[in-house]
Amino acid sequence: MLTFVRITEKSLAVFICRHLWRHNFVRRTSSDILRSPHYAIYEENTLVGWIGYRRVGERRYEIKHLTVLPEARQHGIGRAAVTYVVKLLRERGADSCHAYIRPINIPSIRLFFGQGFRWTKG
């Protein structure tokens, strides 16, 4: 069973920043993580990943920083995380949601396409 917990502790935000660089090649500060909604993903009591989002328009959002730790991949955690955030954003009145994915990140492209996302320009 997966649990999604809003990240509010600086120590967890610092941990995530270190691993964002390691797994996603993205540099962020703990303040960035705490400022926009990010959720730790736990399976049982073990941290297996995280996901965040940010508002980019009145009713538009961007999914940010989806990471599933290597030892937890291929178990549907990424799919469950995207489903969780999309549902949350719909409840908040979102009209659209997008994610920037590097073209070489084939697993993420497959994941998001499988969730109904499509390529768009800009």
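Among 93-99, 25-31, how do they line up from the highest to the lowest mean number of other beta-carbon atoms within 10 Å? Don't skip to the answer; put the middle values down first.
Details: 93-99: 14.6, 25-31: 12.7.
Per-residue Cβ counts within 10 Å, averaged per peptide and sorted highest first, yield 93-99, 25-31.
Would you mind computing, in nm to one decimal, how far apart the modelled labels at Tyr84 and Met1 are, each placed 7 Å from Cα along Cα→Cβ?
A separation of 1.4 nm, rounded to one decimal place.
Which value in nm describes the separation of the simple spin-label points at Arg35 and Arg118, placed 7 Å from the Cα toward the beta carbon?
3.3 nm
Please report the carbon-and-sulfur percent of the accessible area for the chain; probe 1.4 Å, protein heavy atoms only, DNA, RNA and ligands left out.
50 percent
For the stretch 89-122, list residues with backbone N below 12 Å from a point placed 7 Å from the Cα of Arg59 toward its Cβ?
Residues 90-97 fall inside that zone.
Within the stretch 19-57, find all residues whose amide N lies under 20 Å from a label point positioned 7 Å from the Cα of Glu71 along Cα-to-beta-carbon.
Those under the cut-off are 19-24, 40-51.
Of the candidates Thr46, Thr83, Thr67, which one comes out as most mobile in a Gaussian network treatment of the chain with C-alpha springs shorter than 10 Å?
Result: Thr46 has the largest fluctuation of those listed.
Stretched out fully, how many nm does the piece from Tyr42 to Ser96 gain, at 0.36 nm a residue minus the Cα gap?
So the chain would gain 16.8 nm between Tyr42 and Ser96.
Taking a ≥ b ≥ c as the square roots of the eigenvalues of the Cα gyration tensor of the stretch 1-64, is the shape rounded (a/c under 1.5), prolate (a/b larger than b/c) or oblate?
Details: a/c = 1.74, a/b = 1.25, b/c = 1.39.
Since a/c reaches 1.5 but b/c is at least a/b, the shape of the stretch 1-64 is classed as oblate.
Could you tell me which of rounded, prolate or oblate describes the chain, using a ≥ b ≥ c as the square roots of the eigenvalues of the alpha-carbon gyration tensor, with rounded for a/c under 1.5 and, failing that, prolate when a/b is larger than b/c and oblate otherwise?
rounded
The values are calculated or read from the model by the stated rules, or taken from the named source; none is laboratory data. The structure displayed is predicted, hence computed values, not measured ones. FYI the Cβ positions are ideal-geometry reconstructions off the backbone, even for glycines, and counts take in every protein chain you see. Keep in mind that these areas ignore ligands, DNA and RNA; they rest on the heavy atoms of the full protein, side chains included. Shrake-Rupley method; radii C 1.70, N 1.55, O 1.52, S 1.80 Å.
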